[in-house]
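Down below is the structure, laid out as structure tokens.
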């Protein structure tokens, strides 16, 4: 018993040290300038507690800033930017194509999405990674993104890339996978049809991260998709169906189902869904959460400076070691990898011409 306890304690210490080491690589927050006034946010209500942590931490460095949060769901975030009733949109998901149009039509420039944290490992409603679940008796152990497209998707003419319909995402019905034999299972499994389970489909123009990642922005699904508003019922039914497969949060799993490892390509690696693989983004179906802002002013001109100083300083804090420690303290969301932080800081600091304007000027 003492040896077992010592082993568990060592594992806990190593896990804690790994997290601390990851955060220690991040930059400390040091204000580039002192800011004041009111910073208005609209958007995802599930991130309200995390936002309060960020705001409390930020005010230690920027005491003259005030916050007004109106967090009623991600759908309200982009509307706030469009109507200029918000300075930032807090988003638990990527922007839908149609949500870009309100601000895009003003100045022909897309809003800027900044990843501010990684979604949860398994907690429902907290932008969890997508788990791929099958019946516990299914001999399959792993799938690629292309195979998931074949299972859950269907032939399509293209996919959405922001507001652009990209025909490069097109594929034919030859890519459909409708039997377990197409996935290499033999014997009694070979000719059995795949029963596909999933959450309810969203309205036209809504593209989930699953669709962006698996269908390359496509919006055409398997014709026999079984849609469930009640995820617990979905998993209960999957647990009685040896030939079923579902995607949802791992937090809904039961003892009758099992998750599959997922790889970007057949070359691998095939990655199990774990807290660590979500945090380091090695699991291909991990999900970020975002803060979004626009760079045009009230005259619909590109603003100077590009980013409101209040927004810029707040985002710099969020992307700092202190801001990501707030994410750890939240307990549901996960901190960003160092490489992702560097990418987001570059986006905030960028003074280059937006690619949309470059295309218009060609």
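Read-outs: derived from the displayed coordinates by stated rules, not from any lab. In this text the structure is predicted, and so the values were computed from the model without any measurement. Note that we place each Cβ from the backbone using ideal geometry, even for glycine, and neighbour counts take in every protein chain shown.
Numbers for the structure displayed
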quantity	calculated
Modelled FRET efficiency - R0 30 Å, residue 191 with residue 223, Cβ distances, 0.05 increments	0.95
C-alpha long axis of helix 48-59 to longest principal axis of the chain, angle in °	30
Estimated FRET transfer efficiency (residue 358, residue 182; beta-carbon r; R0 56 Å; 0.05)	0.85
Label-to-label distance, nm, for residues given as residue 300 and residue 168 (7 Å Cα→Cβ offset)	3.0
By average C-beta atoms within 10 angstrom, highest first, the peptides 307-314, 172-179	307-314, 172-179
Relative contact order (%) - criterion: Cα under 8 Å, at least six apart; region: the chain	26
Distance between the range 43-117 and the range 283-352 - C-alpha centres, whole angstrom	10
Hypothetical label at residue 161: residues of the range 204-244 whose amide nitrogen lies under 16 Å (7 Å Cα-Cβ projection)	212-219
Max mean-square fluctuation residue, GNM over the chain, Cα-Cα springs under 10 Å, options 68, 109, 262	68
Among 345, 250, 319, residue whose mean-square fluctuation peaks in a GNM of the chain (springs only between Cα atoms under 10 Å)	345
Antiparallel DSSP beta bridges within the range 130-279, percent to nearest 5	65
Structure-derived Cα Rg over 2.2 N^0.38 Å - corresponding label in (i) 1.11; (ii) 1.07; (iii) 0.97	(ii)
Sites residue 236 and residue 38 - FRET efficiency at Förster radius 45 Å, r taken between beta-carbons, to 0.05	0.45
